[in-house]
Amino acid sequence: MSTIVPGVAKAIEEIRGTFDPCPVEAESDGAGGATVVVRDIPMGPPYAQARVWIGFQITFQYPHADVYPHFTNADLSRSDGGGLGGGFGTATFRGQPAIQISRRSNRLNPETDTAALKLLKVIRWMKT
């Protein structure tokens, strides 16, 4: 098994600090990057779920590659019964059904756009 490159390991530690006390799971992807899952993220309205998980891959090219896409609970639903809308689609993540969240960073700045910041932006987008 390949080890996680230092830049990716640093990103995982930043995610752990940013999302404490949410559990953060990270495992090597075998190519220097990592697959990361942050659990028990507070969600709530407009969603029926009070808490969700969000998973993603940080590739070995990080920070010069976007952290994209993100995935969440396959049962994600709106509390008002409406559809999830654009930017969401059905997918699989780690062999399990999931909802894919498509929020690509078109103007990635590797100096400032961290994996933790991207996850914060995805969560903020989901809630608005």
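The values are calculated or read from the model by the stated rules, or taken from the named source; none is laboratory data. Because the structure is predicted, anything quoted here is derived from the model rather than measured. FYI the Cβ positions are ideal-geometry reconstructions off the backbone, even for glycines, and counts take in every protein chain you see. Quick note on the areas: whole protein, heavy atoms, side chains included, nothing else; ligands and nucleic acids left out. Shrake-Rupley method; radii C 1.70, N 1.55, O 1.52, S 1.80 Å.
Counting only residues that are in contact (Cβ under 8 Å) with a residue 12 or more places away in the chain, in a loop (DSSP other than H, G, I, E, B) and open to solvent by less than 70 Å² (accessible area, probe 1.4 Å), which one in the range 92-105 is farthest from TYR62 (Cα to Cα)? Result: SER102.
Filtered by the rule that a residue be open to solvent by 60 Å² or more (accessible area, probe 1.4 Å) and in contact (Cβ under 8 Å) with a residue 24 or more places away in the chain, the range 74-91 gives ASP75, ARG78, SER79, ASP80.
With the requirement that a residue be among the hydrophobic types (A, V, I, L, M, F, W, C), closer than 26 Å to GLY30 by Cα and at pLDDT 95 or above, what does the range 58-110 give you? Before the answer, list the steps.
From the range 58-110, those among the hydrophobic types (A, V, I, L, M, F, W, C) are 58, 60, 65, 67, 71, 74, 76, 84, 88, 91, 93, 98-99, 101, 108; that's our starting set.
When the remaining residues are screened for being closer than 26 Å to GLY30 by Cα, the result is 58, 60, 65, 67, 71, 74, 91, 93, 98-99, 101, 108.
If the condition is that a residue be among the hydrophobic types (A, V, I, L, M, F, W, C), closer than 26 Å to GLY30 by Cα and at pLDDT 95 or above, then ILE58, PHE60, VAL67, PHE71, ALA74, ALA91, PHE93, ALA98, ILE99, ILE101 are the ones that fit.
Can you tell me how many residues within the range 50-73 are surrounded by 16 or more Cβ atoms within 10 Å (Cβ to Cβ) and farther than 30 Å from PRO6 by Cβ? Qualifying residue count, the range 50-73: 1. For the range 112-128, taking the residues that are assigned to a loop (DSSP other than H, G, I, E, B) and touching a residue at least 40 places away in the same chain (Cβ under 8 Å), the one that is surrounded by the fewest Cβ atoms within 10 Å (Cβ to Cβ) is identified as ASP113.
Go through (1) open to solvent by 20 Å² or more (accessible area, probe 1.4 Å); (2) modelled with pLDDT under 95; (3) of a type outside the set (S, T, N, Q) and name the single condition PRO6 misses. It is condition (2) that PRO6 fails.
When PHE71 is tested against (1) outside any helix (DSSP H, G or I); (2) of a type in the set (Phe, Trp, Tyr); (3) more than 12 Å from the chain's Cα centre (by Cα), only condition (3) is not met. Check whether at least one residue in the range 22-40 is open to solvent by less than 70 Å² (accessible area, probe 1.4 Å) and in contact with a Cys (Cβ under 9 Å, 6 or more places away or on another chain), and report yes or no. Checked the range 22-40: at least one residue is open to solvent by less than 70 Å² (accessible area, probe 1.4 Å) and in contact with a Cys (Cβ under 9 Å, 6 or more places away or on another chain). The set of residues in the range 13-35 being closer than 14 Å to THR114 by Cα and either hydrophobic (A, V, I, L, M, F, W, C) or touching a Gly at 6+ places or on another chain (Cβ under 7 Å) (or both) consists of ILE15, PHE19.
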